[in-house]
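A quick write-up on the structure given underneath.
Please treat every number below as a calculation from the coordinates, not as lab data. Just so it is clear, the structure is predicted and the values come from calculations on it, not from any experiment.
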Amino acid sequence: MERVLITQDGKRVVVNKKTDPCLYESPYNPPNTGTAYTRGIDLYAHKARSGKIYFYFSHWSLWQGEEDSLELISKSEAEEFLLQKAGLTGHGSLDENDYKHLKEYGFNLLDENA
């Protein structure tokens with residue numbers, strides 16, 4: 001389903017979670033978790049006709065009465081989000097394939113800068 005998001009400078013970005021690549025998918029109520037994974041934030045990338053890449057969050061919830069929403073974010077906000085996920089273990093962490101996929105979008109999270 002296509003949705004229109006508006007940039008800060010008033011441009012329309014038409015996104016589609018079914019066709020835009022998902023860069024990070026939150027755990028979705030895995031077995032034996034109770035209610036730990038009934039809300040989440042997924043990260044998507046959208047390539048506009050101009051060639052520019054836009055990043056957006058998909059906030060979702062399994063709870064009745066809570067609306068799902070989409071939010072355009074900057075590349076630096078996306079990178080900060082991904083770095084938080086890179087530090088996790090277990091459900092919600094990033095694996096080797098994730099790092100390779102993210103590198104295609106300019107996120108080289110495994111480059112040490114300390």
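Listed by chain and number, the lysines whose alpha-carbon sits under 28 Å from that of Lys85, ignoring those within fewer than 8 places in the same chain, are Lys17, Lys18, Lys47, Lys52, Lys75, Lys100, Lys103. P(r) for segment 1-78, from all Cα pairs and a bin width of 10 Å, is 18, 47, 26, 8, 1 %, short bins first.
Once divided by 2.2 N^0.38 Å, the Cα radius of gyration of segment 40-114 becomes 1.22. For the chain, the relative contact order comes to 17 percent (Cα pairs under 8 Å, sequence separation of at least 6). Dividing the Cα radius of gyration of segment 20-59 by 2.2 N^0.38 Å, with N the residue count, gives 1.51.
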